[in-house]
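To start, the structure under review is shown below, and the notes come after it.
The values are calculated or read from the model by the stated rules, or taken from the named source; none is laboratory data. What you see is a predicted model, and the numbers here were worked out from it, not measured in a lab. Cβ placement follows ideal geometry from the backbone for every residue including glycine, while neighbour counts extend to all protein chains displayed. Please note that ligands, DNA and RNA were not included when accessible areas were found on the heavy atoms of the full protein model with its side chains. Shrake-Rupley method; radii C 1.70, N 1.55, O 1.52, S 1.80 Å.
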Amino acid sequence: MLNRIYGLGITLAIAGVPLVASADDLTRYRVFVGDHKAAKVTAFDLSDPQTHWLFDTAGQVKLYPVANGGAVVAVQSDDDQVNFIQSGIRVFDHGGHADIEISDPLALSEVLQGPRPFHLLDHDGHVSINFDKGGYAAVVDGYELTKGNLESQQVSQNVAHHGVVVPWHNGWLTSVASEEPMDDGKAPPRVGVQQLSADGAAIGDLQACTNLHGEAYSGAYLMFGCKEGVLSVKQVSGKPQFKMLPYPESFPSGHTTGTLVGSKGMQAFLGNYGYEHLVVIDPEGQPTMQLVDLPFRRVDFQLDPVDVMHGYAFTENGALHKVSLLDAEIVQSIKVTQPYSMDGHWNDPRPRIAFAGDEILVTDPRQSLVHRISTKDLSKVGSVKVAGEPYNLTVVGGSGVSH
Ligand code: ZN
Ligand code: ZN
């Protein structure tokens, strides 16, 4: 066997592909799962789910991988706290191959506290966390997090609101809310986007984006969901060029896009359009927006980071649907869990999905399980028992050479 691998290596080397000793080749995915009720995060490796690590938090978490998976951020909106965990898996470019370094995950002792942390965006090494009742975003250095250091700065907004600050070419783009007085501490409505210099001074005009909600990067573009359509931003001649892409006439009226995910592997976005549709967006494509019909209301959706031509939606009947981005249609569906109705509170325990290489992981809070589904044929690979009510999750890792 060794001989055969060695022989293959020589063949590859002749063909100009770097020679890689397969004994050092490692693939590792580490899963972080937040509980719906208990203030904790459970972490385990997919290759050894019996071994797990537990991290205490102040409350329920939404989990985000940042700094290329080197760290995980646990945002606790109802408990005014953000925790940070060094993931223990670092995958980085080593020229012709990727390197992987693996150690135990480790929580930073320092936390961020502030009024109602909510949306998080990670871009260009900046991890921006909006504090909705503070009127600012804390921007954390992603690379320092992977080394266990918490370094943050604040970017101020016009008024406190449920918004976002986005790193943009040595400065920022921030959501802007109405400055009219509001009743009973209600959050003011969002009206648009403003460019800020690195030190927070406004540059140029406010760009209208009524009810701004949802933001994502892909390729050269940044997108925001708005009532009028989807606002695209691209840097042209040293300045952000804003363009509103209206919802097509053919789309059912009365809905908007309020959540967006952006592809890393190609220029494409997947958004919601109300509860029963997704929209595939290519800012330079024709058509720009394509509607995907879902058979039931959506619970969660994501883009496959490996097979970039597909995304997945999980719907309230307990089914997972594979969506072709090219044809904007469902190509395969399977039943994964019991139904989880979208009636009731928005934050009731319901499944969430995340990717681990060629598997999709689905939390099943009622059964205390994380299901593993193959992206190849949607077959069930197995499931992992996670005590409590597994809810939000994220996965870090990948493959590389350990040397
Ligand atoms: Zn290397
Ligand atoms: Zn939101």
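Per-structure values
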item: Tally of residues being over 24 Å from PHE84 (Cα atoms) and part of a strand (DSSP E or B) across region 370-383; result: 8
item: Residue under evaluation ARG116, criteria (1) surrounded by 17 or more Cβ atoms within 10 Å (Cβ to Cβ); (2) out of contact with any helix residue (DSSP H, G or I) (no Cβ under 9 Å at 6 or more places or on another chain); (3) of a type in the set (Lys, Arg), criterion not met; result: (2)
item: Which numbered condition VAL166 misses (of (1) within 20 Å of ASP80 (Cα to Cα); (2) without any contact (Cβ under 8 Å) to a residue 60 or more places away in the chain); result: (1)
item: Residues located in region 36-70, provided they are in a loop (DSSP other than H, G, I, E, B) and either of a type in the set (Gly, Ala, Ser) or under 14 Å from LEU108 (Cβ atoms) (or both); result: ALA38, ALA39, SER47, THR57, ALA58, GLY59, GLY70
item: Odd one out for TRP172, checked against (1) under 17 Å from VAL139 (Cα atoms); (2) out of contact with any Leu (no Cβ under 9 Å at 6 or more places or on another chain); (3) free of Cβ contacts under 8 Å to residues at least 60 places away in the same chain; result: (2)
item: Residue list for region 222-238, filter: open to solvent by less than 20 Å² (accessible area, probe 1.4 Å) and either hydroxyl-bearing (Ser, Thr, Tyr) or within 16 Å of ligand 1 (Cβ to nearest atom) (or both); result: SER232
item: Selected residue (criterion: farthest from ligand 2 (Cβ to nearest atom)) from residues of region 239-290 that are more than 17 Å from the chain's Cα centre (by Cα), touching a residue at least 40 places away in the same chain (Cβ under 8 Å) and open to solvent by 60 Å² or more (accessible area, probe 1.4 Å); result: SER250
item: Selected residue (criterion: nearest to THR27 (Cα to Cα)) from residues of region 349-375 that are buried (at least 20 other Cβ atoms within 10 Å of the Cβ) and among the β-branched types (Val, Ile, Thr); result: ILE360
item: Filter pass, SER109 being farther than 21 Å from LEU26 by Cβ, more than 16 Å from ligand 1 (Cβ to nearest atom) and free of Cβ contacts under 8 Å to residues at least 24 places away in the same chain; result: yes
item: Hits in region 335-348 (condition: open to solvent by 40 Å² or more (accessible area, probe 1.4 Å) and touching a Phe, Trp or Tyr at 6+ places or on another chain (Cβ under 9 Å)); result: PRO339, ASP348
item: Hits in region 73-105 - residues which are closer than 16 Å to LEU393 by Cβ, within 17 Å of the chain's Cα centre (by Cα) and among the hydrophobic types (A, V, I, L, M, F, W, C); result: VAL73, ALA74, VAL75, ILE85
item: Checklist (1) hydrophobic (A, V, I, L, M, F, W, C); (2) within 16 Å of ligand 2 (Cβ to nearest atom); (3) surrounded by fewer than 21 Cβ atoms within 10 Å (Cβ to Cβ) applied to ILE129, failing item; result: (3)
item: Every residue from region 64-94 that is touching a residue at least 12 places away in the same chain (Cβ under 8 Å) and within 16 Å of ligand 1 (Cβ to nearest atom); result: ASN68, ILE89, ARG90, VAL91, PHE92, HIS94
item: Candidates VAL395, VAL381, VAL401, filtered to the one that is aliphatic (A, V, I, L, M), within 16 Å of ligand 1 (Cβ to nearest atom) and either within 17 Å of the chain's Cα centre (by Cα) or within 30 Å of HIS97 (Cα to Cα) (or both); result: VAL401
item: Residue match in region 71-82 (condition: on the phi < 0 side of the Ramachandran plot and assigned to a loop (DSSP other than H, G, I, E, B)); result: no
item: Pairs where the first residue, in region 298-309, is at negative phi and assigned to a strand (DSSP E or B) and the second is hydroxyl-bearing (Ser, Thr, Tyr) and open to solvent by less than 20 Å² (accessible area, probe 1.4 Å), C-beta under 7 Å, 6+ apart; result: ARG298/THR315; VAL299/THR315; VAL299/TYR340; PHE301/TYR312; GLN302/TYR312; LEU303/SER263
item: Conditions (1) open to solvent by 10 Å² or more (accessible area, probe 1.4 Å); (2) part of a strand (DSSP E or B); (3) out of contact with any His (no Cβ under 9 Å at 6 or more places or on another chain): number failed by VAL396; result: (1)
item: Members of region 176-199 found to be closer than 16 Å to GLY134 by Cβ, hydrophobic (A, V, I, L, M, F, W, C) and open to solvent by less than 30 Å² (accessible area, probe 1.4 Å), listed by number; result: VAL176, ALA177
item: Residue satisfying condition, being touching a residue at least 12 places away in the same chain (Cβ under 8 Å), hydrophobic (A, V, I, L, M, F, W, C) and within 16 Å of ligand 2 (Cβ to nearest atom), within set LEU145, LEU121; result: LEU121
